[in-house]
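The values are calculated or read from the model by the stated rules, or taken from the named source; none is laboratory data. What you see is a predicted model, and the numbers here were worked out from it, not measured in a lab. A quick note on method: Cβ atoms are made from the backbone with ideal geometry, for glycine too, and the neighbour counts reach across all protein chains shown.
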Amino acid sequence: MANNDTIFANTIFALATAPGKSGVAVLRVSGTHALQALKTLCRLESVTARSAHYASFFHPATGELIDKGIALFFKGPHSFTGEDVAELQVHGGLAVMRDLLSALSGMKGLRAADAGEFTRRAFLNHKMDLMEAEGLADLIEAETQAQKSQAMRQMQGEFSDFYEQLRTRIIKALAHLEAYIDFPDEDIPESVLFELTSDISHLQSSIEEALQDERSGERVRDGISIAILGAPNVGKSSLLNVIAKRDVAIVSSRAGTTRDVIEVHLDIAGYPVVLVDTAGIRESRDEIEAEGIRRALERAANADIKLVMFDGGQWPSAESGSTSLVDEASFVVVNKCDLLKDKGRESNPFSGPLANPLNKKPLFISTSTGEGVDTLLAAIRQRIVERFSFSGGSFITRARHRALLTEASQYLEKSKQDLPLELKCEELRQAAQAVGKITGKIQVDDVLDVIFKSFCIGK
Ligand SMILES: Nc1nc2c(ncn2[C@@H]2O[C@H](COP(=O)(O)OP(=O)(O)OP(=O)(O)O)[C@@H](O)[C@H]2O)c(=O)[nH]1
Ligand SMILES: [Mg+2]
């Protein structure tokens, strides 16, 4: 049972490296008792900050030598959390780790850290803002190049600058307006209100511009979804397997083989991609297949890119259920081009202004011979880079940022209405608060738990 010491302990400790066997593991201790803990463990009289000490670590209860390693001390506020921090670099053995953790947990004022607690303290001690903390979490999660570079930019405060400038501009407008609050309305020069409305409109345009980013920041973070769609038996699962380079989905000559949504995670041009194979779309009385088709259509609606597939053996005849799925976000893919009839490549049911205003050019492939697959992949790669790599980058990487920015824009809109000055000011204040919540400049206790719980323990 936790005693009072544990409950009120303000010094936290955790393994900062991944649990398991490793050459070196790092344990981190943060809080007012960090220095004392280090001295006790290493039996040192004094410890120099920011110097590496080659030390022996002893269990205070048993006196047993646990390990030899490096001890480091960072005096607050010049540390990651802003508090006194001790870092122990030891051998990454399971028994070493268990003994060290047991030694630390037996010390007065120390307790095991919660998930994300080190970063939370860094935020509370103003070492980083909320945007930067989220960037750090994303950096740890990053698997692809695009994810890494976006997370780095966010972690280094590039995105925070955008939001802070926005907030400062709103506050300036607010201050300007507040200066007139004690004036009777008729004494305020027309030009002041006119200038203010124009400033607010400029602010709104900056926000709208940021919102119109094709959700590229969120896509980079969460993955771009590509759905393979089409009638049964056209070779959707075969294409998934070819692109994934392994037998993920069952392929058979029986129509209606795939019933569920099958996902494969890939890295295309540095972007995280979720490639989705779906059930063939047709009228079906079979309850399970019908559910599969419903899920396929749902995926189609949410996909960033659609690969709408047709059977080369039938081409240029094309199933209407599939043709209706072709839109701006689609590629028309004709599979089984090894079975194409003479002149099949010249026929295009999608050409002509009436047949299809999008005038999609089909890509001919054969998952059996491999023909055209590289060309299709190159086309997908190009589309991803075109759509998701904004030169300036997106400032929005989570739904939270988008919702608050949208909210800010709505408050700005209201502030332009014909309202008493006090109410206009209130709308502007709310707009500034919404933007402030993005970087955490405005206290946001309710979201802190959600954000920091998603970190791993030790970060
Ligand atoms: N000749 C030829 N046959 C192919 C090609 N690609 C796939 N097939 C065959 O077409 C059949 C159907 O392939 P699948 O990949 O299971 O088709 P699917 O679209 O996933 O089918 P459902 O899951 O039923 O919707 C299998 O017998 C494949 O071997 C191709 O390029 N050429
Ligand atoms: Mg299939």
Counted residues in segment 275-297 being of a type outside the set (A, V, I, L, M) and within 11 Å of ligand 2 (Cβ to nearest atom) come to 4
From the option list Ile140, Ile243, single residue qualifying as at pLDDT below 95 and either assigned by TED's automatic domain parsing to the domain that holds Asp304 or assigned to a helix (DSSP H, G or I) (or both) is Ile140
State which residue is farthest from the chain's Cα centre (by Cα) when the search covers only segment 238-254 and only residues that are within 9 Å of ligand 1 (Cβ to nearest atom) and either more than 19 Å from Gly313 (Cβ to Cβ) or surrounded by 13 or more Cβ atoms within 10 Å (Cβ to Cβ) (or both). Val251
Would you mind stating whether Ser225 is in contact with a strand residue (DSSP E or B) (Cβ under 6 Å, 6 or more places away or on another chain) and more than 16 Å from ligand 1 (Cβ to nearest atom)? yes
Can you name the helices (runs of 4 or more DSSP H) wholly within segment 399-459 that have at least 2 residues being of a type in the set (Gly, Ala, Ser) and out of contact with any Cys (no Cβ under 9 Å at 6 or more places or on another chain)? 399-415, 421-439
Looking at segment 276-287, I want the residues that are farther than 12 Å from Gly256 by Cα and have a partner that is more than 14 Å from ligand 2 (Cβ to nearest atom) with Cβ atoms under 9 Å, at least 6 apart or on another chain. Which pairs are those? Val276/Ser225; Val276/Ile226; Val276/Ala303
Picking from Ile438, Ile442, the residue that is touching a His at 6+ places or on another chain (Cβ under 7 Å), of a type in the set (A, V, I, L, M, F, W, C) and either surrounded by 20 or more Cβ atoms within 10 Å (Cβ to Cβ) or modelled with pLDDT under 95 (or both) would be Ile438
Among the residues of segment 76-110, the number that are part of a strand (DSSP E or B) and surrounded by fewer than 20 Cβ atoms within 10 Å (Cβ to Cβ) is 3
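Rundown of residues vs (1) touching a Phe, Trp or Tyr at 6+ places or on another chain (Cβ under 9 Å); (2) more than 13 Å from ligand 2 (Cβ to nearest atom), yes/no style:
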position: Ala210; (1), (2): yes, yes
position: Arg221; (1), (2): no, yes
position: Gly230; (1), (2): yes, no
position: Asn241; (1), (2): no, no
position: Ser252; (1), (2): no, no
position: Gly256; (1), (2): no, no
position: Val261; (1), (2): no, no
